[in-house]
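Here the structure comes first, spelled out in structure tokens, and everything after it is commentary.
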Amino acid sequence: EDEASLDQSNFDPDDEYDDDGNSAKYRIDVGRGGKNAILYLNDIEKDPEYRSWPTSMQQMFYSSQFGGAPTVRRNLFTLLIVIDPASNTHHPAVDVAAQLLNSQFPLRLGVLIVDNYDVSNGTPSAPFTWNRGERPFHSRDSFLLMHHITKKYGGMAAISCLLRVLNDTSDLEEKLSVGDYIGMHVALLAAMNVIGSGREDLVQKEMEDLLKAGESEGLGGKANDSKKEPKYENAVQFALDKMIHPGMSFLNGIPLPE
């Protein structure tokens, strides 16, 4: 299942530091614990975009011997990135993800989108009033948009939006308004021909209505509090339970440098 948890099965309370004096290593098990908290934006084994990829491990090894990428239609690698898009800070793991995906590396990308203040404060912020779309966007908005785009337009569209928007907002001195933040996603979807020409206003309104409701979309296309749907509150609680925070990332559960 699309879940993740902190694997403490090998923890030794007396083994707090390694031989070099560094903190003891730990892992994020991407197989359990993060259901409806982590947003997995692609699935190498199921998404049609990867249909042409070989399924044979032998063929992958053969290609790698001659300098090719280890392209195979299997979820061999999972990169989990913990991000606070509203912080306007650069996350190195985002560049790593972009490079690996562009080289057809069999990488499944998961994101845990949480506000750094909410994690530090120990509780998720309540949904904000819409204020005609003029309020600053919050990571709750990012969470809802990523879930919506992944469901409606596919993982590749969601990944492209995530990487581009994070890159374009990382150097801004002030936060974008939530209306402008939605507009960035709509413009990117239009540029990728994911949405048809002339539908920008309709898609903008659709996303605005979603963020006004402040909840994930259910199977019927409307916001609800179904336990089957990812929720921002679940993402914050997962971060608290596992003691992880924005800026951290994990490749197949192994922490990467921040």
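Observations
- Contacts under 7 angstrom Cβ, first residue in region 44-69 being of a type in the set (D, E, K, R) and at pLDDT 75 or above, partner open to solvent by less than 70 Å² (accessible area, probe 1.4 Å) and not in a helix (DSSP H, G or I), 6 or more apart: E45/R73; E45/N75
- Scan of region 47-74 for residues that are charged (D, E, K, R) and either surrounded by fewer than 12 Cβ atoms within 10 Å (Cβ to Cβ) or in contact with a Cys (Cβ under 8 Å, 6 or more places away or on another chain) (or both), ordered by number: R51
- For region 183-201, the tally of residues that are of a type outside the set (A, V, I, L, M, F, W, C), in a helix (DSSP H, G or I) and either within 16 Å of E134 (Cα to Cα) or open to solvent by 40 Å² or more (accessible area, probe 1.4 Å) (or both) stands at 3.
- The set of residues in region 204-244 that are open to solvent by 70 Å² or more (accessible area, probe 1.4 Å) and either over 20 Å from the mean Cα position of the chain (by Cα) or modelled with pLDDT of 95 or more (or both) comprises K205, K212, L219, G220, K222, D225.
The values are calculated or read from the model by the stated rules, or taken from the named source; none is laboratory data. Only a predicted model underlies this, so the values are computations on that prediction, with no experimental measurement involved. Here Cβ is always computed from backbone atoms with ideal geometry, including for glycine, and neighbour counts include all displayed protein chains. Heads up: the accessible areas ignore ligands, DNA and RNA and are worked out on the full protein's heavy atoms, side chains in. Shrake-Rupley method; radii C 1.70, N 1.55, O 1.52, S 1.80 Å.
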